[in-house]
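K.L.:
Take a look at this one; I'll ask things after.
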Amino acid sequence: MSDPIRPRKPRVMAIANQKGGVGKTTTAINLAAGLAELGARILVVDLDPQGNASTGLGIEASRRAKTSYDLLLDKPALDEVIQPTRTDTLFICPANADLASADIELAVNERRSQLLREALRQDDMERFGFDYILIDCPPSLSLLTVNALIACDSVLVPLQSEFFALEGLSQLMLTIREVRSTANPALKIEGVLLTMYDKRNNLSQLVEGDARQNLGDLVFRTMIPRNVRVSEAPSYALPVLAYDSGSKGSEAYRALAQEIATRHGFSVQREAAC
Ligand code: ADP
Ligand code: MG
């Protein structure tokens, strides 16, 4: 499972936008599956009390004895909170409603905003040989999201291709700037991802033009189309890449994984060399 000779440091990426329903969880699941197809070992950390990423990756509620709540507040053995999924090399730290109370419990903890960073960067994590850790954030700028922003190397921001999409961004950017100026100076913006894009809809094109004009290279070349197979996949507890491998949604998430892997110089050859 791990490579004791060459322990690796995973690249940690938070998927965040304080707006709900913009495609954070869908992107966490399917980018993870796309990177796994490229030969990467991936951990998805479900940091949303709604637990949608956990459900979407097939971890039923009864199998969530230890969750990211424990990861933050109880320092469990990692084997207890990290579970395999039906996709090889794709693992999850699940969440359930317990996490909803974490915000309050964190508020009285001195190291409240550093707990996820400490948990993910503990030495024992290297044993799993993860290449990427993707954190699926809740739809708020709560302490949970701040934990994610402090724990990560970069943040990926899904943006739904609809009117007002850009308006919520300034608040997130402010939070990112604040985190950069204090606890995580190296925090990067991985990119802004246009989701639920409908090329027949003028509005989608307007939002794209607006985003590319305002944010330039921060916007990923890859855009995720609105695709019914993407929305069906979670009810089969599968990434769309496994549910309907040839769908437009699968192709798009594969392209996103490739865009990111190329940028990071990640290649399967490295796996073969291990
Ligand atoms: P968030 O995590 O930001 O709240 P989700 O990923 O849960 O957003 O997506 C919100 C809803 O939109 C879900 O029902 C999901 O299935 C659907 N959805 C997300 N991306 C797509 C897409 N590309 N095509 C069709 N439906 C999508
Ligand atoms: Mg979500």
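K.L.:
Condition (residue is part of a loop (DSSP other than H, G, I, E, B), touching a Cys at 6+ places or on another chain (Cβ under 8 Å), farther than 18 Å from Gly129 by Cβ and away from ligand 2 (no atom under 14 Å from the Cβ)) applied to segment 78-100: is it met by at least one residue?
P.N.:
The answer is no; no qualifying residue exists.
K.L.:
Still on this structure, please answer the following. Collect the residues in segment 223-238 that are within 16 Å of ligand 2 (Cβ to nearest atom) and part of a helix (DSSP H, G or I), keeping them in residue-number order.
P.N.:
Answer for segment 223-238, where residues must be within 16 Å of ligand 2 (Cβ to nearest atom) and part of a helix (DSSP H, G or I): Val230, Ser231, Ala233, Pro234, Ser235.
K.L.:
Output the qualifying pairs, or none if there are none: Cβ atoms under 7 angstrom, residues six or more apart or on different chains, first residue in segment 143-167 and under 23 Å from Met223 (Cα atoms), second residue among the basic types (Lys, Arg) and part of a helix (DSSP H, G or I).
P.N.:
What qualifies is Pro158/Lys24.
K.L.:
Continuing with the same structure: Only one of these is over 30 Å from Leu143 (Cα atoms) and surrounded by 20 or more Cβ atoms within 10 Å (Cβ to Cβ): Ala252, Ala165, Ala211. Name it.
P.N.:
So the residue among Ala252, Ala165, Ala211 that is over 30 Å from Leu143 (Cα atoms) and surrounded by 20 or more Cβ atoms within 10 Å (Cβ to Cβ) is Ala252.
K.L.:
Given the condition in contact (Cβ under 8 Å) with a residue 24 or more places away in the chain, assigned to a helix (DSSP H, G or I) and surrounded by 13 or more Cβ atoms within 10 Å (Cβ to Cβ), answer yes or no: does some residue in segment 185-199 qualify?
P.N.:
no
K.L.:
Can you tell me which of Ser161, Ser204 is among the polar types (S, T, N, Q), within 14 Å of ligand 1 (Cβ to nearest atom) and closer than 21 Å to Asn52 by Cβ?
P.N.:
Ser161
K.L.:
Under the condition of being over 12 Å from Met196 (Cα atoms) and among the hydrophobic types (A, V, I, L, M, F, W, C), which residue from segment 218-232 is surrounded by the fewest Cβ atoms within 10 Å (Cβ to Cβ)?
P.N.:
Leu218
K.L.:
Pairs please, first residue from segment 16-32 and near ligand 2 (Cβ under 10 Å from one of its atoms) and part of a loop (DSSP other than H, G, I, E, B), second anywhere and of a type in the set (Lys, Arg) and modelled with pLDDT of 95 or more, Cβ atoms under 7 Å, 6+ apart in sequence or on different chains.
P.N.:
Asn17/Lys24
K.L.:
Name the single residue, out of those in segment 21-62 being more than 13 Å from ligand 1 (Cβ to nearest atom), closer than 22 Å to Arg121 by Cα and of a type outside the set (Gly, Ala, Ser), that is surrounded by the most Cβ atoms within 10 Å (Cβ to Cβ).
P.N.:
Val45
K.L.:
Quick check: anything in segment 239-262 among the hydrophobic types (A, V, I, L, M, F, W, C) and assigned to a loop (DSSP other than H, G, I, E, B)?
P.N.:
Looking for residues that are among the hydrophobic types (A, V, I, L, M, F, W, C) and assigned to a loop (DSSP other than H, G, I, E, B), one finds none in segment 239-262, hence no.
This table checks each residue for (1) crowded, with 17+ Cβ neighbours inside 10 Å; (2) under 14 Å from the mean Cα position of the chain (by Cα); (3) on the phi > 0 side of the Ramachandran plot.
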site: Arg64; (1), (2), (3): yes, no, no
site: Leu71; (1), (2), (3): yes, no, no
site: Lys75; (1), (2), (3): no, no, yes
site: Ala97; (1), (2), (3): no, no, no
site: Leu115; (1), (2), (3): yes, no, no
site: Glu118; (1), (2), (3): no, no, no
site: Asp123; (1), (2), (3): no, no, no
site: Phe128; (1), (2), (3): yes, no, no
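K.L.:
Looking at Asp103, Asp124, can you tell me which residue is assigned to a helix (DSSP H, G or I), out of contact with any Ser or Thr (no Cβ under 7 Å at 6 or more places or on another chain) and either of a type outside the set (Ser, Thr, Tyr) or in contact (Cβ under 8 Å) with a residue 12 or more places away in the chain (or both)?
P.N.:
The match here is Asp124.
The values are calculated or read from the model by the stated rules, or taken from the named source; none is laboratory data. Model, not experiment: these values are computed from the prediction. Cβ: placed from backbone, ideal geometry, glycine included. Neighbour counts: every protein chain shown.
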